[in-house]
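Here's the structure we're looking at; comments come further down.
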Amino acid sequence: MTLFNFTKPIIFIGFMGTGKSTLAQFMAQKLTLSFVDLDQFIEINEQQSIPEIFATRGEQHFRELEYHYLKEALQQFDIIATGGGIIENDASFHYLKTQQNVIWLDCDIDIIYQRIVNDSHRPNAKSKTKSQLKSLYLTRVSRYNEIAFIKVNSSFSIQQLYEEHKSRLISIREHKVVKLLCRRRCKLYKRNSQAKG
Ligand code: S3P
């Protein structure tokens, strides 16, 4: 079984409506790891909703923000759910390519369409027909594929997906706990030797 690199964050990528935030958050809760949804991280930091950013500053500017906050999120959180269009930006795409634990969630376009049709919070889905969405999806697939460490079919329920991938993730958590304990012990050791010296 391929294991993730436990010292690095876990990043969820994939098209809109594939369940990135839901699964990432669920796993973070189960494994008591920190989690951030990149869109929400941008909204909080910029004090503007995603549709407002698209409308007032444009998609290109949003992509630059996405790149900036992606780098910040990777420093601060264990699990990150990215927005479906993050790979549109070359800088984000190349940066994600250097990351190790990238999980690509993918599912049938009919399921995606049902989940996001006319979602007013998603400017790139709003007013799109199924065939327009499918075209957008097809332009992105090769980039998701290029950066993914594993691909997960997210047509299943959250619980089913979690059960399937639990063993991989639990080993990440165990290693993290061991690392933390080692760090704490090192600090204590340093403090004690300084006190003695
Ligand atoms: C976008 C996807 C959204 C969000 C923005 C643009 C896209 O994230 O970043 O609306 O272009 O695919 P989700 O994938 O979480 O919906």
Query - chymotrypsin sites (Phe, Trp or Tyr not before Pro) within region 16-56: DSSP coil, no more than 13 neighbouring Cβ in 10 Å - result: none
Query raised in the report: Which far-off residues, 5 or more places away or on another chain, put their amide H under 5 Å from the one on residue 101, with H placed in the peptide plane?
Result: 11
Query raised in the report: Hey, what's the Cα Rg ratio for region 1-156 versus the globular rule of thumb, 2.2 N^0.38 Å?
Result: 0.98
Report summary line: If R0 = 25 Å, then residue 30 and residue 71, at their Cβ-Cβ distance, give a FRET efficiency to the nearest 0.05 of 0.40
Query raised in the report: Using Cα pairs under 8 angstrom and six or more residues apart, how large is the relative contact order of region 32-129, in percent?
Result: 30
Requested in this report: Could you grab the Rg to Rh ratio for region 1-82? Cα atoms only, Kirkwood for Rh.
Outcome: 1.00
**Report entry** Kirkwood Rh, Cα atoms: Rg over Rh of region 39-84
**Finding:** 0.96
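We did not get these values from a lab; they are worked out from the coordinates using the rules stated. Because the structure is a prediction, the values reported are computed rather than measured. With ideal geometry, Cβ positions are generated from the backbone for all residues, glycine too; neighbour counts draw on all protein chains shown.
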